[in-house]
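Here the structure comes first, spelled out in structure tokens, and everything after it is commentary.
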Amino acid sequence: MVDTQVGGFPGIEPTWSSSDKDMITTGLGASRVWATLGHGIVNEVYWPSTGRPQIRDLGFIVRHKGGWTELKRVDTYLFSLPKPYIPLPAVVHEGEHYRLELEVLPHPLRDCLLIRYALSGVDARLYVLLAPHLDGARDNDAMAGVDLSASHNSTSLCLRADGGFLRTSAGFVGTSDGWQDFSANGDMTWTYPEARGGNVALTGELASDNGILALGFSGTIEGARTLARSSLADSYEESRDIFMTSWEDWAGNLRIPYASPELEEAARRSAMVIKCHEDRTYAGAMVASLSVPWGSSHDDAGGYHLVWTRDAVEAAFALITVGLYDDAGRTLDYLIGTQAEDGSWAQNYFPDGRGYWSGKQMDEVALPVMLAAKLRAVGHLTNSPPEEAMVRSAIRFIVHNGPMSDQDRWEENAGASPFTLAMLIVALVVSADYFSGEDRDYILSLADSWNERIEEWTYSVDGHLGADLGLPGYYIRLGPRTCDGGIDGIISRRNVQHGETPAGDLIGLEFLYLVRTGLRAADDRRIVDTVRLIDARLRVELPTGIAYYRYNGDGYGEHEDGAPFDGLGIGRPWPLLAGERGHYAALSGEDPMPYLNSMLRMVGKGGLIPEQVWDGEAMPERGLIPGKPSGSAMPLVWAHGELLKLLVTQTTGRPAELFDAIASRYAGKRPAAAIWHWRETSPFASIAAGKAISIEADAPFTLHFGFDGWDKAQNRDSTVNGFGMHCVLLTAADLAGRKALDFTFRDGDGTWKGQDFSIALRA
């Protein structure tokens, strides 16, 4: 008998699945399906791009002699891959009364996911539980018949079994779904044909204990059904062979420096994980993670399945270090396609280029320029009109908007971060070959000026954090903009209540990039002192090894009781930062292996590196084990890239982010710039004798200036340079013998600024 009317509309509030992934998998052919595995089952499946998860999970219930078991709630399964670089997951669930073997295979040619299953056990029966979440919408339609299908607008799926289903049912999650049926009745008793307009779920009793499931995706149910049926008609072994061969061919291009069998395996797996995150609908798009942090607790439209330009370039740099130039080149081409008209990139965006968050991060404007320069340096790129146009547009944006950023790399605060400053300076220098004459001279002058002023913006001599270590000063996490008090200003820690903190009281690892990019030497006293400080304040020794907090007082992580982050929380250690500290170790003569090995130990069951690891007491009921993945994103592509880069750096002694142009221009020093560039966003109150001053603004102005109390006051009109920046240059000769420059200005329509400025001219 078939039930006709399902109850429980619209179901409970929808969520995604846990971010605790065992593996990510996708084919390398025409198929546009990406699947994640976690807790021994398939959970989010993405189609037709990496930015669009379409189901919450596809799991199983086994009815057996002892009752029934939902497999994702039993954490005793075994997980394996045929090779570290081939994402063909095999899972074995074994209980007292049953054994279920699974293999998850994205069809290499069709938009379809295949699952081969084999169940054994006395009186054991197998049931499929499928939770659609098409387009991330809350109002899906689910239909149960000879197969299981669902739709939302122009997105549909169909799950079909080669041996068919004995019974099927559609319901609403938490009220009339298959799990609720088993919970109430100990068996599948409901056979509802449809559930429409809510948070839906599908259940099917498999007719065979051994077989293949096919989950097809299309714009119509008919199309999804066709793909599922066609994929089942294909030889599974032939599809498997095509999948394996394509990954073998790709891996044949890897150049992994040998360190140990374990590290080589981890490196190949990391390269594969990065590759799995590349889109094929939008080739070169690299999302940060195919996961939703703390996804089982909320319904987030974006999660981490978005492109952050920073993360994408970090991944591309890693691919370059292991010889995958073509892969990195596609990311550059993609970034050229997503660049905004003003030369910037959105804070983050879906693979199709639609922006998600609206902030501006200056490092994300600099990094594509660096990627282009890196590809040129390895001989993979020659000047092309699109590449040149991208670089010129990005540099123009940097010229007008640097050196301050609306957000730091953690997307929380405005100001000057050592990391962001390093990226901006490097981008200016490595882009010089794209320019000539006065334009080239200008951007190099700007780079020199900003480089000389890094400490002015980010090095504290008044902070108290290093007092017990006898440190005269240290680099801080971020110096607020001048209008916000500069280095003496207040920073709001966004993820904690009442988080207003003096800038000098917050430290992070951002300064390490000053060494990594060649702007400061590893043995610079200020660098060495700050390394001592972060090792004392941010380092944590866990059962799995060494990790670091983003900054002291961070709130991005689980609550003290292990509850998921909900906008507030406690920051947890990041394996990625162990890699950053390891880079410094490699460049300073310290052994980087403890940091590499720590990253290897902080992984999940499938070897994926998480964003954060747990640092509290063990809470197995929440899946929180000291030194192992927390509920944050896993995997984090950036972290896998960092492991690859560190492995290469410890072999070659040369970080991926170091360019010959920087090494020759700065050699880790802080050379005096001939010109300092004054802007309202980055002013200065004094300057050493012998330097020139360039007063600059985005629009035409007339500079009214004098010396030593407005002596010899005069006017000078600005001139515009090749970047559209309006400037008045006062040469060293103009300033010679003076003690102070006094000035104000009026804009092009004659309106006076209404504020006087003064710069002390130090002898």
task: Taking amide H positions as placed in the peptide plane 1.01 Å from N, state which residues far from Ala740 in sequence (5 or more) or on other chains have amide H under 5 Å from it.
output: Asp708, Leu761
query: Under a straight-distance cross-link criterion of Cα-Cα below 13 Å, which aspartates and glutamates are reachable from Lys753, leaving out those fewer than 8 residues away in the same chain?
result: Glu680
message: On the Cα set of region 22-135, report Rg and Dmax in Å, please.
response: 14.4, 44
query: Can you give the extra length, in nm with one decimal, that the chain gains between Lys739 and Arg99 once fully stretched, where that is 0.36 nm per residue apart less the Cα-Cα distance?
result: 221.9 nm
query: Taking the Cα centre of the chain as origin and charging only Cβ (+1 Lys, Arg; -1 Asp, Glu), how large is the dipole, in debye to the nearest 20?
result: 1060
query: So what is the calculated 222 nm ellipticity per residue for the chain, using -39500 (n - 2.57) for each DSSP H run with n of 4 or more, over all residues, to the nearest 500 deg cm²/dmol?
result: -8500 deg cm²/dmol
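Tyr258 to Ala340: FRET efficiency via 1/(1 + (r/R0)^6), r the Cβ-Cβ distance, R0 56 Å, to the nearest 0.05? Please report the intermediate quantities before stating the final value.
Details: r = 43 Å, r/R0 = 0.76.
For Tyr258 and Ala340, the calculated efficiency is 0.85.
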- prompt: Roughly what would the spin-label model give for Ala90 and Glu590, points 7 Å off Cα along C-beta, in nm?
  reply: 4.2
message: What are the ³J(HN,Hα) couplings of region 348-364, residue after residue, when phi is run through the Karplus curve with 6.51, -1.76, 1.60 and θ = phi - 60°? Round to Hz, x for glycine and proline.
response: 8, 7, 5, x, 7, x, 5, x, 10, 8, 10, x, 10, 10, 5, 4, 6
- request: Sticking with the crude label model, points 7 Å out along Cα→Cβ, report the distance from Glu13 to Ile490 in nm, one decimal please.
  value: 3.2
message: Take Thr382 and Asp441, extend 7 Å from each Cα along the Cα→Cβ direction, and tell me the distance between the two endpoints in nm.
response: 3.1
Exposed-site-free run, longest, the chain (rule: GluC sites (Glu not before Pro); DSSP loop; at most 14 other C-beta within 10 Å): 97-340
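I'd like the FRET efficiency for Asp433 and Ser758, computed as 1/(1 + (r/R0)^6) with the beta carbon distance as r and R0 of 35 Å, rounded to 0.05.
On the way: r = 38 Å, r/R0 = 1.10.
For R0 = 35 Å, the calculated efficiency reads 0.35.
With contacts defined as alpha carbon pairs under 8 Å and 6 or more residues apart, what's the relative contact order of the chain in percent? Before the final figure, lay out each step's value.
On the way: 1907 pairs, mean separation 77.9, N = 763.
Relative CO of the chain lands at 10 percent.
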statement: So the FRET efficiency between Cys483 and Ser664, C-beta based with R0 = 45 Å and rounded to 0.05, is 0.80
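Going down the list Lys275/Lys605; Lys360/Lys691; Lys21/Lys72; Lys691/Lys739, which pairs span over 21 Å between their C-alpha atoms?
Working: Lys275/Lys605 19 Å; Lys360/Lys691 32 Å; Lys21/Lys72 12 Å; Lys691/Lys739 13 Å.
With Cα atoms farther than 21 Å apart: Lys360/Lys691.
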- line: If one compares the long axis through the Cα atoms of helix 221-233 with the longest principal axis of the Cα atoms of the chain, the angle in degrees, nearest 10, works out at 70
- request: If a/c stays under 1.5 just call it rounded; otherwise compare a/b with b/c (prolate if a/b is bigger, oblate if not). Do that for region 253-665, with a ≥ b ≥ c from the square roots of the Cα gyration tensor eigenvalues.
  value: rounded
task: Once you have all Cα-Cα distances for the chain, histogram them in 10 Å bins from zero and send the whole-percent values.
output: 3, 14, 23, 23, 16, 11, 6, 3, 1, 0, 0
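Quick note: the coordinates plus some simple rules give every number you see, no bench work behind them. Owing to the predicted nature of the structure, the values given are computational and were not obtained by experimental measurement. Quick reminder, even Gly has a Cβ in these numbers, built from the backbone with ideal geometry, and neighbours come from all protein chains shown.
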